[in-house]
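Visitor: My questions will all concern the structure given below.
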Amino acid sequence: MLTLPVDSLLPEIVATLGRAQSLVVEAPPGAGKTTRVPGALLDAGMAGEREVWVLEPRRMAARLAARRVAEERGESLGETVGYQVRFEEVAGPRTRLRFLTEGVFTRRLLADEKLTRAGVVVLDEFHERHLQGDLALALLRRLQRGARPDLKVVVMSATLDARPVAEFLGGCPTLRSEGRLFEVKVEHAARHEDEALGSRVAAAVARVVGEERDGDVLVFLPGAAEIRRAAERLAALAARHDLLVLPLHGELPLAEQDRAVRPAARRKVILSTNVAESSVTIDGVVAVVDSGLARAAGHSPWSGLPTLGTTRVSRASAAQRAGRAGRTRPGRCLRLYTAQDFAARPEHETPEIERADLAEAALELHASGVADLRAFQWFEPPPAAALDAAEELLQRLGALDSSGVTARGARMLRLPLHPRLARVVTEGESRGVAEEACAVAALAGERDIRARELFSEGGTRETRNAKREGPSDLLELLDLFDAAARADFAPPRLYDLNLNPHAVRRVERARMQIRRQLRATMKDAVREGAAASKKVSDGARGGDREEALLISILTGYPDRVARRRASGEAANNSGAELLLAGGGAATLAPESVVRRAQFLVAVDAEERREAAQRQGRAGGTVIRTASAIEPEWLLDLYAERIAETTEVEWNARAERVETIRRLVYDKLVLDERRASEAGGDEAARVLARAALDAGLDLFVERKTLDNFLARVAFVSATFPEAGVPEFNEDDAREALRSLCEGLGSFEELRAAARGGGLVQTLRHGLKPEHARLLTTAAPERVTLARGRQARVNYERGKPPWVASRLQDFFGMREGPRVAGGRVALVLHLLAPNQRPVQVTTDLAGFWARHYQQIRRELSRRYPRHAWPEDPLAAEL
């Protein structure tokens with residue numbers, strides 16, 4: 001058996017762990033820690049009669065590591081060495097060394113709170129800082145402090161600082177294997193290249209093959225799609241140089257994964273995801289081509305489901321990738337990015353606990369007896385807001401209540417699904433559509449089963465089937481999956497259906513596992529005396545089946561209810577705009593089949609702002625997957641979240657106050673009824689607010705109002721001893737406000753205000769004696785010769801004045817006076833054309849000094865009018 005660098009450290013590892021409860025082992029990639037340390041612990045009896053469990057961050061790493069260890073021990077996989085990953089287990093009654101993914105471990109711990117089958121638990125590649133790895137470490141430490149002080153914990157890492165982990169484990173010892181690495185020459189791209197990634201990879205591999213006489217080439221690419229495209233670009237080069245181009249990623253069958261990592265008779269070019277950074281060692285690699293990219297595990301902030309997004313790897317990951325070329329001899333690493341790009345990258349990846357959805361972890365912790373998640377001793381605590389969001393979602397899903405995990409939550413937890421999808425399945429089981437609900441959950445949780453030819457360059461579906469309509473995008477996928485099943489999942493027939501055979505197989509495998517788990521939970525419920533509501537094999541018929549599935553989908557996304565925006569609610573409404581129960585708006589993707597439903601649940605969405613801005617379009621939240629609902633279902637299922645509100649609002653278009661009665665789910669209006677409103681205090685307040693915003697001039701003639709305000713000001717200034725208050729604009733606004741009492745529209749208010757109501761309201765604000773003084777001292781009209789009435793004009797800062805024809809003053813020696821004779825009115829003496837020929841307060845002086853000349857001029861221009869020589873004696 002090949003000697004590995006970590007082998008020399010194994011005796012010290014065994015001896016140290018024999019004395020300590022925990023141990024941290026640092027070893028670089030390729031040192032052999034994954035395959036050699038667990039077996040050494042088992043052989044040394046560190047687990048006693050129990051098993052050694054090794055937690056891996058990825059399914060492929062667990063499978064390949066288990067296979068490698070079994071081979072080194074000269075056994076078949078499933079004997080002493082086995083593995084368990086999501087939806088798959090290879091183990092037997094003799095299995096003592098078990099490789100598991102971190103997520104599977106936490107589920108097993110829930111089923112066996114004391115972890116009675118494990119004597120040693122090894123957390124491998126802890127530096128990757130997956131959420132489930134952090135959670136496993138915290139739960140193991142809690143177990144050591146409580147029911148299992150005998151439990152041994154080993155944390156192994158390639159790049160992480162061991163000190164914080166050792167301190168968390170009670171100040172445990174740390175050991176380091178230096179490894180055995182040869183020098184690796186690192187070369188960066190001279191400049192940023194816009195050329196397609198596949199072309200750059202082909203050029204780099206061609207350079208390595210031309211300059212290196214032998215040795216395999218390991219190429220790091222972000223995902224399976226990029227691997228496929230790079231393989232296509234390398235086809236001609238491979239043919240010329242007899243190269244074996246092999247993919248390596250988690251979606252491949254085990255046989256193809258083995259083919260990539262095992263030695264071969266021909267020179268290999270392995271196109272791998274970041275799984276080859278750690279856990280999996282590939283012998284014979286002398287050159288690495290690093291794209292600098294990886295699929296980073298995350299979650300959809302909309303659905304909470306796991307996602308993979310392309311991101312730049314950290315400097316630590318880049319160093320690990322380069323180190324894969326120096327295991328057996330000096331090597332080289334060609335980075336397809338510049339040195340400046342490398343220097344600008346973060347030192348390590350952001351721990352997943354800082355960015356992941358915590359709903360599943362929160363439910364697991366509550367089920368394990370943790371009542372207060374903030375008081376739980378995390379290795380690094382997650383953001384408080386993320387914990388709040390997780391617990392709120394679990395309560396809405398019915399998995400948690402004030403006393404802890406509910407019976408439904410316990411059943412949801414037994415399914416290997418995110419709580420949203422687990423809720424869909426348990427609801428579907430209770431409604432007689434368990435089979436279909438299992439398939440829907442598998443379709444939602446796995447990758448899209450449609451063939452890549454149906455996808456555009458940006459990764460979204462083309463609208464080839466834009467005219468298709470249906471109640472749910474998930475049911476549309478279910479119909480396609482059913483067609484695949486009728487075709488016996490035969491690849492040629494799946495291609496004819498435009499389906500991806502590999503994706504379909506994954507969905508079928510997930511569906512079967514969910515179905516098995518659901519059956520097991522039902523059996524447990526029956527054993528415990530609970531009544532299972534339906535058998536898995538039961539099924540609703542016809543329209544009942546569709547409705548049951550749609551309701552089941554709703555129960556997984558009760559916080560994602562949306563309503564199609566009505567045509568009058570927004571300009572240029574296309575019918576694809578949605579209002580969301582959580583507030584805000586979104587757009588339904590053109591490829592969605594849910595084209596007519598007024599209400600729906602938005603199952604998954606994405607932010608398309610950046611892509612939209614690049615294309616010069618408006619961006620925002622785009623709902624990619626939707627499912628129709630009926631508002632009555634919300635009343636049945638979530639009556640406590642529905643409120644009836646009555647509000648008095650202003651209808652600007654109709655210019656009236658309306659009473660609006662709404663049925664509201666969260667922030668979403670389900671139903672709205674409007675009726676005219678008048679007479680109430682609230683109606684008066686709403687009308688007044690709208691009227692004042694519109695302005696006084698809309699309801700009263702400005703000249704009339706200003707004249708009245710000036711009259712009051714005139715009396716106040718002329719009779720200061722009377723104490724008459726002055727009115728201003730604010731008083732006028734207050735008067736308009738009081739006029740609104742009992743009214744409900746602008747039409748009514750205009751009629752009341754323009755009919756003298758506004759001025760009368762102001763007048764009523766005066767004391768009686770002040771009102772009388774206003775009438776006598778500042779009359780609205782005065783009498784001229786022969787009883788003719790003239791309107792008195794009052795303006796602030798000016799003396800009051802009247803305007804009338806010159807003839808109206810014949811026979812008057814003096815002009816009229818106001819304010820009890822204190823103030824002579826300014827007279828505007830008008831010609832027949834209504835233009836003043838004189839403005840004066842001295843009528844007698846006008847007659848004596850100016851009249852005769854004006855008379856001569858006016859008599860020539862207006863001969864039909866009387867122009868007596870003596871205006872005082874004239875009888876007209």
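The values are calculated or read from the model by the stated rules, or taken from the named source; none is laboratory data. Owing to the predicted nature of the structure, the values given are computational and were not obtained by experimental measurement. FYI the Cβ positions are ideal-geometry reconstructions off the backbone, even for glycines, and counts take in every protein chain you see. Protein only, heavy atoms only, side chains kept; ligands, DNA and RNA dropped before computing areas. Shrake-Rupley method; radii C 1.70, N 1.55, O 1.52, S 1.80 Å.
Visitor: State which residue is modelled with the lowest pLDDT when the search covers only region 164-178 and only residues that are open to solvent by less than 30 Å² (accessible area, probe 1.4 Å) and part of a loop (DSSP other than H, G, I, E, B).
Guide: SER177
Visitor: Just the residues that are part of a loop (DSSP other than H, G, I, E, B) and free of Cβ contacts under 8 Å to residues at least 40 places away in the same chain, please, taken from region 90-104.
Guide: ALA91, GLY92, PRO93, ARG94
Visitor: Something else about it: Please state which one of LEU421, LEU393, LEU443 is within 22 Å of ASP134 (Cβ to Cβ), open to solvent by less than 40 Å² (accessible area, probe 1.4 Å), part of a helix (DSSP H, G or I) and touching a residue at least 60 places away in the same chain (Cβ under 8 Å).
Guide: That would be LEU393, the only listed residue that is within 22 Å of ASP134 (Cβ to Cβ), open to solvent by less than 40 Å² (accessible area, probe 1.4 Å), part of a helix (DSSP H, G or I) and touching a residue at least 60 places away in the same chain (Cβ under 8 Å).
Visitor: Filter region 94-126 for residues that are hydroxyl-bearing (Ser, Thr, Tyr), surrounded by fewer than 24 Cβ atoms within 10 Å (Cβ to Cβ) and within 25 Å of GLU75 (Cβ to Cβ) and give the result.
Guide: Start the filter on region 94-126 by keeping residues that are hydroxyl-bearing (Ser, Thr, Tyr), which leaves 95, 101, 106, 116.
Next, from what is left, pick out any that are surrounded by fewer than 24 Cβ atoms within 10 Å (Cβ to Cβ): 95, 106, 116.
Of everything in region 94-126, those that are hydroxyl-bearing (Ser, Thr, Tyr), surrounded by fewer than 24 Cβ atoms within 10 Å (Cβ to Cβ) and within 25 Å of GLU75 (Cβ to Cβ) turn out to be THR95, THR116.
Visitor: Residues in region 216-263 that are in contact (Cβ under 8 Å) with a residue 40 or more places away in the chain, more than 16 Å from GLY198 (Cβ to Cβ) and open to solvent by 30 Å² or more (accessible area, probe 1.4 Å): how many?
Guide: Residues that pass the stated criteria total 3.
Visitor: Do the conditions hold for THR775, that is, is it of a type in the set (S, T, N, Q) and within 30 Å of ALA675 (Cα to Cα)? Quick ask: steps written out before the conclusion?
Guide: On the way: of a type in the set (S, T, N, Q): yes; within 30 Å of ALA675 (Cα to Cα): no.
When the stated conditions are applied, THR775 does not pass them.
Visitor: Return the residue satisfying two criteria in turn: it lies in region 179-192 and is assigned to a loop (DSSP other than H, G, I, E, B) and out of contact with any Phe, Trp or Tyr (no Cβ under 9 Å at 6 or more places or on another chain), and of such residues it is least open to solvent (accessible area, probe 1.4 Å). Walk me through how you get there before you give the answer.
Guide: At the first step, the residues of region 179-192 found to be assigned to a loop (DSSP other than H, G, I, E, B) are 179-183, 189-192.
If we keep only those that are out of contact with any Phe, Trp or Tyr (no Cβ under 9 Å at 6 or more places or on another chain) too, we end up with 179-183, 190-191.
Working: GLY179: 28, ARG180: 125, LEU181: 94, PHE182: 86, GLU183: 143, ALA190: 95, ARG191: 153 Å².
Across region 179-192, the extreme among qualifying residues is GLY179.
Visitor: Can you confirm whether PRO301 is at pLDDT below 85 and surrounded by fewer than 18 Cβ atoms within 10 Å (Cβ to Cβ)?
Guide: yes
Visitor: So if I check each of PRO382, PRO351, which one is surrounded by 14 or more Cβ atoms within 10 Å (Cβ to Cβ), within 31 Å of the chain's Cα centre (by Cα) and touching a residue at least 40 places away in the same chain (Cβ under 8 Å)?
Guide: Numbers: PRO382 fails: touching a residue at least 40 places away in the same chain (Cβ under 8 Å).
From the options PRO382, PRO351, the qualifying one is PRO351.
Visitor: Is it the case, given these coordinates, that ASP357 is touching a Gly at 6+ places or on another chain (Cβ under 6 Å) and open to solvent by 30 Å² or more (accessible area, probe 1.4 Å)?
Guide: Here the answer is yes, as ASP357 does meet what is asked.
Visitor: If you don't mind, another one. In region 69-89, which residue that is assigned to a strand (DSSP E or B) and of a type in the set (Val, Ile, Thr) is surrounded by the fewest Cβ atoms within 10 Å (Cβ to Cβ)?
Guide: The extreme case among them is VAL85.
Visitor: Within region 1-51, can you find the residues that are closer than 22 Å to LEU160 by Cα, of a type in the set (A, V, I, L, M), touching a strand residue (DSSP E or B) at 6+ places or on another chain (Cβ under 9 Å) and in a loop (DSSP other than H, G, I, E, B)?
Guide: ALA20, ALA27, listed by residue number.
Visitor: Next question, about the same structure. Among the residues of region 182-205, is there at least one that is touching a His at 6+ places or on another chain (Cβ under 8 Å) and either at negative phi or not aliphatic (A, V, I, L, M) (or both)?
Guide: First, the residues of region 182-205 that are touching a His at 6+ places or on another chain (Cβ under 8 Å): none.
The answer is no; no qualifying residue exists.
Visitor: I've got another one for you. Quick one: which strands (runs of 3 or more DSSP E) lie wholly within region 614-729 and hold at least 1 residues that are in contact (Cβ under 8 Å) with a residue 60 or more places away in the chain?
Guide: 621-629, 656-665, 668-676
Visitor: Determine, yes or no, whether SER716 is closer than 29 Å to THR659 by Cβ and among the hydroxyl-bearing types (Ser, Thr, Tyr).
Guide: When the stated conditions are applied, SER716 does not pass them.
Visitor: Can you find even one residue in region 663-671 that is within 16 Å of ARG737 (Cα to Cα) and among the β-branched types (Val, Ile, Thr)?
Guide: Checking region 663-671: not a single residue is within 16 Å of ARG737 (Cα to Cα) and among the β-branched types (Val, Ile, Thr).
Visitor: Continuing with the same structure: Conditions first: (1) at pLDDT below 95; (2) under 26 Å from ARG63 (Cβ atoms); (3) not in a helix (DSSP H, G or I). GLU226 passes all but one, so which condition is the exception?
Guide: (3)
Visitor: Please state which one of GLY757, GLY742, GLY723, GLY695 is modelled with pLDDT under 90 and not acidic (Asp, Glu).
Guide: GLY757
Visitor: Here is a further query. Could you run through region 512-529 and say how many residues are open to solvent by less than 70 Å² (accessible area, probe 1.4 Å), at pLDDT below 90 and of a type in the set (D, E, K, R)?
Guide: 1
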